[in-house]
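Q: Sharing a structure here in structure tokens format.
Only the coordinates and a few stated rules stand behind these numbers; no lab work does. Only a predicted model underlies this, so the values are computations on that prediction, with no experimental measurement involved. As a convention, Cβ positions derive from the backbone with ideal geometry for all residues, glycine included, and neighbour counts pool all protein chains shown.
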Ligand code: COA
């Protein structure tokens, strides 16, 4: 049976590094608080001019394409996952197609936040398996630094996130025991408002009022975007951190176990787990629940923060570059995020 393999992988993070201490200029926080609660020491932020979610995606894609031994002209489909697109519409997929001078191929944007890359990988996998496409570019990229509240009011969210991009080229393989063995995708929209950016949007407060009775945005929901939204700082993401934490530590291990069971493996068979880099403490609880050793889990949130859709391809690329992922290895990707959505992918490298 035709399977998809990752034929090339690349990552890009902007040059500018912001340490926890650099954030003190903008908000009341501390290096100690951030490291203790999240494990994060620093993150990369895009340059103020000329660097966008798409341009970062392009840089990661160039490397993935070169490592796959093909050219941008050979790509026959793009799947671009991001929650921080250059434009509200059109999506980043078409901007990348233009920037990389690709053929007039299909370009699909995936909006599944922190699970975005695994969802995008799963979409690409289906097109390879049916034989429809032979070289699919899957990208996860984010420019969070332009959309966060860096005042003390927004500190519970803004200290967590960073910018960057990761990309893979998927190709078919007929080799037995190689490639993507399975993907599993899930959602539970009941808690959609717990980690969300409401504005700009068309909700007219319909959902927000029902779910968050104390959320003071009665007037600002009347328009897609308004001055009031900006005045009330309601153009920034909202997160109930502890609620996200509690759900993530249940759903990520569940998604890993589901992937393992579907392929007759157990946690001890995993060579490397790449959990979405949401928070180091979440990854540590997941590791503990699955009974994995330190060398079975790759974390790099300390250096990059949470880069949402980019976190898994960045971590996978880094692990591969460090020689932690070799041919024949069993690699599990597992994500959880806003929606809530969660997902896993099991691969034989
Ligand atoms: N610096 C200093 N203090 C901060 C702070 C910051 N950056 N952010 C919040 N605080 C304060 C709060 O105001 C609160 O103060 P109070 O006790 O005086 O009210 C205190 O720290 C504790 O806040 P709380 O939200 O209960 O902290 P927490 O231990 O839950 O940690 C998170 C907050 C966000 C780090 C944690 O909940 C978390 O990581 N959740 C998961 C988030 C996540 O992974 N999101 C991405 C999902 S994909």
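Q: Are there helices (runs of 4 or more DSSP H) fully within the range 7-110 with at least 1 residues that are under 19 Å from residue 165 (Cα atoms) and touching a residue at least 12 places away in the same chain (Cβ under 8 Å)? List them.
A: Qualifying helices (runs of 4 or more DSSP H): 53-67, 92-99.
Q: Can you give me the number of residues within the range 230-247 that are more than 16 Å from the ligand (Cβ to nearest atom) and touching a residue at least 24 places away in the same chain (Cβ under 8 Å)?
A: Within the range 230-247, residues that are more than 16 Å from the ligand (Cβ to nearest atom) and touching a residue at least 24 places away in the same chain (Cβ under 8 Å) number 2.
Q: Here's another thing I want to ask about it. Name the single residue that is nearest to the chain's Cα centre (by Cα) among those in the range 133-167 being within 15 Å of the ligand (Cβ to nearest atom) and assigned to a helix (DSSP H, G or I).
A: My answer is 144.
Q: I've got another one for you. Would you confirm, using the coordinates I've provided, whether residue 309 is touching a residue at least 60 places away in the same chain (Cβ under 8 Å), closer than 21 Å to residue 193 by Cα and not in a helix (DSSP H, G or I)?
A: Details: touching a residue at least 60 places away in the same chain (Cβ under 8 Å): yes; closer than 21 Å to residue 193 by Cα: yes; not in a helix (DSSP H, G or I): no.
It is false that residue 309 is touching a residue at least 60 places away in the same chain (Cβ under 8 Å), closer than 21 Å to residue 193 by Cα and not in a helix (DSSP H, G or I).
Q: Mind counting the residues in the range 12-37 that are in contact with a strand residue (DSSP E or B) (Cβ under 8 Å, 6 or more places away or on another chain) and within 11 Å of the ligand (Cβ to nearest atom)?
A: 2
Q: Considering only the range 190-206, how many residues are over 30 Å from residue 22 (Cβ atoms) and touching a strand residue (DSSP E or B) at 6+ places or on another chain (Cβ under 9 Å)? Walk me through it before giving the result.
A: The initial filter retains those residues of the range 190-206 that are over 30 Å from residue 22 (Cβ atoms), namely 190-193, 201-206.
If we keep only those that are touching a strand residue (DSSP E or B) at 6+ places or on another chain (Cβ under 9 Å) as well, we get 193.
Here the count works out to 1.
Q: Which one is farthest from the chain's Cα centre (by Cα), of the residues in the range 296-336 that are on the phi > 0 side of the Ramachandran plot and surrounded by 20 or more Cβ atoms within 10 Å (Cβ to Cβ)? Quick ask: steps written out before the conclusion?
A: Applying the first criterion (on the phi > 0 side of the Ramachandran plot) to the range 296-336 yields 305, 308, 323, 328.
With the extra rule that they be surrounded by 20 or more Cβ atoms within 10 Å (Cβ to Cβ), the set shrinks to 305, 308.
Working: 305: 11, 308: 3 Å.
So, considering only residues that are on the phi > 0 side of the Ramachandran plot and surrounded by 20 or more Cβ atoms within 10 Å (Cβ to Cβ), the one farthest from the chain's Cα centre (by Cα) is 305.
Q: A further question on this structure: Does the range 31-51 hold any residues that are more than 23 Å from the chain's Cα centre (by Cα) and surrounded by 14 or more Cβ atoms within 10 Å (Cβ to Cβ), and which are they?
A: 31
Q: Continuing with this model, one more query. Kindly indicate the residue of the range 248-263 that is within 13 Å of the ligand (Cβ to nearest atom) and in contact with a helix residue (DSSP H, G or I) (Cβ under 7 Å, 6 or more places away or on another chain) and also nearest to residue 198 (Cα to Cα) among those meeting that condition.
A: Ranking the qualifying residues of the range 248-263, first place goes to 248.
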